[in-house]
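Only one structure is covered here, and it is reproduced in the block below.
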Amino acid sequence: MKRLKLYVKFAVILSSVAFLLGGCAAIERSNAIDTERLLAAAGFQMRFADTTERQAHLKTMPQRKLVPYNRNGKVYYVYADSLACECLYVGSEKAYQRYQSLAIQQKIAEENRAAAEMNANAAMNWQMWGSWYRPWY
């Protein structure tokens, strides 16, 4: 009986950890999609890892991070994603600056939206609408 309780506790803990990790992965994937949309809007070029050689090289690169590289005296920014799109985004200094500007604009828009929601919630007069919530039980 004690063993059964131990197994049940272990199963509950293990499933909880799996659930939390799955949630984290979903958030990370969503953030990557947002970043990749901004990169494309800023003028970064997407290149697919369409050969086994490119796929292997892509996996050795820092994942989902913008990294500067020097090539022929010019700075290029590279964003590798071997997990979702199996692709590489490459942009110039100018594209990187546009990306930074778009990211700031997006952050400001998100903060403004959150502030507007908080103001709308604070302004709502629930008492005026009476007792609208009635439990069904």
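Just so it is clear, none of the values below were taken in a lab; they were calculated from the coordinates. Computed from a predicted model, the values in this text were never measured in an experiment. Cβ atoms come from the backbone with ideal geometry, glycine included; neighbour counts cover every protein chain shown.
Pull up the cross-link candidates among the aspartates and glutamates for LYS107, meaning alpha carbon to alpha carbon under 16 Å and not fewer than 8 places away within one chain. Answer for LYS107, where 16 Å is the Cα cut-off: ASP34, GLU36, GLU117, listed by chain and number. The trypsin sites (Lys or Arg not before Pro) of segment 28-95 meeting both criteria, a DSSP state outside H, G, I, E and B (loop) and at most 15 other C-beta atoms within 10 angstrom of the site's C-beta, are LYS65.
Could you tell me which of rounded, prolate or oblate describes segment 71-125, using a ≥ b ≥ c as the square roots of the eigenvalues of the alpha-carbon gyration tensor, with rounded for a/c under 1.5 and, failing that, prolate when a/b is larger than b/c and oblate otherwise? Oblate is the answer for segment 71-125, as a/c is 1.5 or above yet b/c matches or exceeds a/b.
Just to verify a number: FRET efficiency for ALA114 and ALA41, C-beta to C-beta distance, R0 = 25 Å, to 0.05? Here the calculated transfer efficiency is 0.70. Taking each residue as 0.36 nm, the span from ALA84 to ARG54 lengthens on full extension beyond its C-alpha to C-alpha distance by 9.3 nm.
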